[in-house]
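Every number here is computed from the coordinates shown, using simple stated rules; none is lab data. Fair warning: this is a prediction, and the values are worked out from it, not measured in the lab. Methodologically, a virtual Cβ is constructed for each residue, glycine included, from the backbone with ideal geometry; neighbour enumeration extends over all protein chains shown.
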Amino acid sequence: MKRFAYARIMQETNALSPVKTALPDFEGSHYLTGDALAAAVGPGGHEIAGFFKKAELAGFVEGVARHGGGEPVPLFSAWASSSGPLTRACYDTLRERLVDGLRGARARGLDGVYLCLHGAMGVEGVRDPETQLLRAAREAAGGVPVVTTHDLHGNLTRERVAAADAIVAYGTNPHRDHARVGRKAAEILGGVAAGRLRPTTAWRSLPLLLGGGRTIDFLPPMRAVFRRMRRAERKGEALAASTFMVHPWNDDPALGWSTIVTTDGDQAGADRLADELAQMCWERRHEQPPTFATPADAIFQARKARLRRKLGVVTMSDASDVVTAGAPGDSTHLLRALLEDGRDLVTYAAVRDPDAVDTLWPHPPGDEVRLEVGGKLDPTSSTPLPVRGTVVSKHQLVGFLRVVVLAVDHLRLVITEGPAMVMKPSFYTDVGLDIWKADVVVVKNFFPFLLFFLPYNRKTIFVRTRGVTDFDAAYRLTFDGPMHPRDPVDDWRPRDRARREP
Ligand SMILES: [Zn+2]
């Protein structure tokens with residue numbers, strides 16, 4: 001029986017965030033090995049507690065059974081919240097565990113390896129670390145085929161493409177097809193192992209950092225690109241076709257949107273489609289992300305939306321401090337404005353502040369406290385906010401660690417020790433806050449919250465202040481040449497050629 005090892009090392013790095021990611025950030029969020037992992041990704045399991053019942057690895061295991069059978073060999077699955085770069089020690093440990101796991105599995109024979117990576121993970125002092133992981137995996141597994149899947153915000157490099165037999169990205173944004181890409185990886189690995197498939201890949205790289213508007217897969221202008229990819233896969237034109245719309249806060253100088261196509265032995269076909277997709281993306285380069293409201297505007301709009309507040313809530317996305325895009329989650333700009341100007345609005349908001357949690361933890365509910373919150377993890381973006389309030393409740397939650405709810409006037413402030421990843425209503429309901437009772441709910445997420453808050457949300461306002469997830473904050477990074485839209489770029493092809501040819 002063919003044996004296929006699988007593992008996940010996944011984190012999206014915001015190179016501008018000063019908050020480094022260490023091993024406890026993985027082990028305290030999602031870390032499963034061996035049998036526990038096999039159970040979590042098997043029928044009836046829950047792959048990533050609190051997030052996904054079925055994600056890439058469950059899809060992979062299902063795909064192995066579907067495409068000719070075989071034995072899936074679980075190594076480990078490690079996931080951490082988007083944040084700053086991994087420390088070198090954290091990365092070295094995870095890489096060693098991967099290599100050790102593969103060497104152990106190889107002793108009983110291996111026919112392929114599937115690595116579930118983010119594609120935009122950064123490590124202190126290591127350029128393109130995910131390519132290093134792919135190379136290490138192939139070597140440890142004895143040169144067998146290696147397939148990887150990425151989030152579509154990953155960044156492709158020449159070395160990355162060379163290091164894998166196929167790279168498959170999500171085909172949805174917000175991402176909903178995690179299991180599909182896992183099944184795809186199984187289909188390709190299984191096909192190669194059975195001698196049925198000869199994957200051939202072509203890719204293109206664009207000096208394009210922002211474009212495509214809101215980049216939602218089912219809305220224009222990106223809808224046509226996503227449809228073209230799905231059509232190619234459905235008609236058998238490609239085994240896999242992907243477009244990477246890139247996480248802009250990535251410090252690899254060869255950053256930019258890219259396309260990649262894998263066919264069954266048809267190099268010309270792969271080149272043709274990768275090229276066509278790249279050109280479609282380039283044509284959408286002038287569609288920029290929307291400009292967002294100031295806090296004062298946002299509060300004004302929320303106040304005006306009386307009926308909508310009565311029927312549900314107004315959600316405000318704190319777009320400069322998006323934790324799911326790697327921001328520290330401790331910005332105080334919007335909080336300060338809501339405290340000062342939003343007095344008539346019952347508001348739920350969050351801030352990450354481990355020091356404040358330490359201070360508050362000994363206090364029983366009902367205690368009056370005075371302290372400063374936020375503005376400490378990233379002191380260059382915002383300053384600590386002095387508040388006076390009452391401790392409402394205390395909790396210990398997976399991923400968020402210790403959490404204290406503080407009542408400050410009309411504000412219910414959820415102070416977390418871990419990343420304040422506010423994307424789902426459960427962030428608030430798990431600490432006893434009823435969404436229906438709020439006028440305004442603040443989230444720290446760009447798009448997926450729109451799906452999760454659908455039952456409650458009657459109006460959405462994106463608020464910009466100052467932080468590491470401002471789109472133009474990425475312009476501080478160093479690129480390998482002019483980058484659209486920061487710089488004028490006439491033609492994407494010369495840079496594509498330079499990036500692809502050694
Ligand atoms: Zn993504």
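With the simple model of a label 7 Å out from the Cα in the direction of the Cβ, ARG466 to ALA162 spans 4.3 nm. A protection proxy built from the mean count of other Cβ atoms within 10 Å ranks the segments 308-316, 380-388, 236-244, 204-212, most packed first, as 204-212, 236-244, 308-316, 380-388. According to the square roots a ≥ b ≥ c of the eigenvalues of the Cα gyration tensor, what is the shape class of segment 347-410, taking rounded for a/c under 1.5, prolate for a/b larger than b/c otherwise, and oblate for the remainder? Oblate shape, in that a/c is at least 1.5 and b/c is the bigger or equal ratio. The H on the amide N of ALA169, modeled in the peptide plane, is under 5 Å from the matching H of HIS150, each at least 5 residues off or on a different chain.
Projecting the Cα atoms of LEU334, VAL322, THR347 onto the dipole axis of segment 295-463, where Lys and Arg carry +1 and Asp and Glu carry -1 at the beta carbon, places THR347 farthest toward the positive end.
Exceedance of the 21 Å cut-off in Cα-Cα distance is limited, within the set LYS53/LYS235; LYS394/LYS459; LYS53/LYS424; LYS184/LYS424; LYS54/LYS184; LYS54/LYS424, to LYS53/LYS235; LYS394/LYS459; LYS184/LYS424.
Taking a straight Cα-Cα cut-off under 14 Å and skipping sequence neighbours fewer than 8 places away in the same chain, the aspartates and glutamates within cross-link reach of LYS437 are ASP344. With contacts defined as alpha carbon pairs under 8 Å and 6 or more residues apart, what's the relative contact order of segment 3-283 in percent? 20 percent. Amide H contacts for ASP430 (H built 1.01 Å from N in the peptide plane; partners 5 or more residues away or on another chain; cut-off under 5 Å): none found.
For the pair LYS53 and ARG497, the difference between a 0.36 nm per residue extended length and the Cα-Cα distance amounts to 155.7 nm. Ranked by the mean number of other Cβ atoms within 10 Å per residue, highest first, peptides 121-128, 3-10, 371-378, 259-266 order as 3-10, 259-266, 371-378, 121-128.
Restricting to bridges with both residues inside the chain, how much of the DSSP beta-bridge set is antiparallel, in percent to the nearest 5? Here the antiparallel bridges make up roughly 45 percent for the chain. Across segment 295-463, Cα pairs under 8 Å and at least six residues apart give a relative contact order of 35 percent. Under a 5 Å amide H cut-off, with hydrogens placed 1.01 Å from N, ILE461 pairs with THR315, MET316, SER317 among residues at least 5 apart or on other chains. With each label modelled as a point 7 angstrom along the Cα→C-beta vector, the ARG135-ASP434 pair spans 5.9 nm. Across segment 400-456, C-alpha contacts under 8 Å between residues 6 or more apart give a mean separation that, scaled by the residue count, equals a relative contact order of 28 percent. The LYS304 and ARG108 beta-carbon pair, evaluated with R₀ = 51 Å, returns a calculated FRET efficiency of approximately 0.20.
The peptide list 165-175, 88-98, put in order of mean Cβ contacts within 10 Å with the highest first, becomes 165-175, 88-98.
In order along segment 425-434, the phi-based Karplus estimate (6.51 cos²θ - 1.76 cosθ + 1.60, θ = phi - 60°) of 3J(HN,Hα) comes to x, 4, 4, 8, 5, 5, 9, x, 9, 8 Hz; Gly and Pro are listed as x. Per-residue Karplus couplings for segment 402-408, computed as 6.51 cos²θ - 1.76 cosθ + 1.60 with θ equal to phi - 60°, are listed in order as 7, 9, 10, 9, 10, 9, 10 Hz, Gly and Pro entered as x.
In this calculation the C-beta distance from LEU311 to VAL398 is compared with R0 = 45 Å, giving a FRET efficiency of 0.85. Here segment 3-283 carries DSSP beta bridges of which approximately 45% are antiparallel, counting only pairs with both residues inside.
Ordering ARG183, ARG500, ARG352 by the number of other Cβ atoms within 10 Å of each residue's own Cβ, fewest first, gives ARG500, ARG183, ARG352. Taking a ≥ b ≥ c as the square roots of the eigenvalues of the Cα gyration tensor of segment 295-463, is the shape rounded (a/c under 1.5), prolate (a/b larger than b/c) or oblate? Rounded, because the longest to shortest axis ratio a/c is under 1.5.
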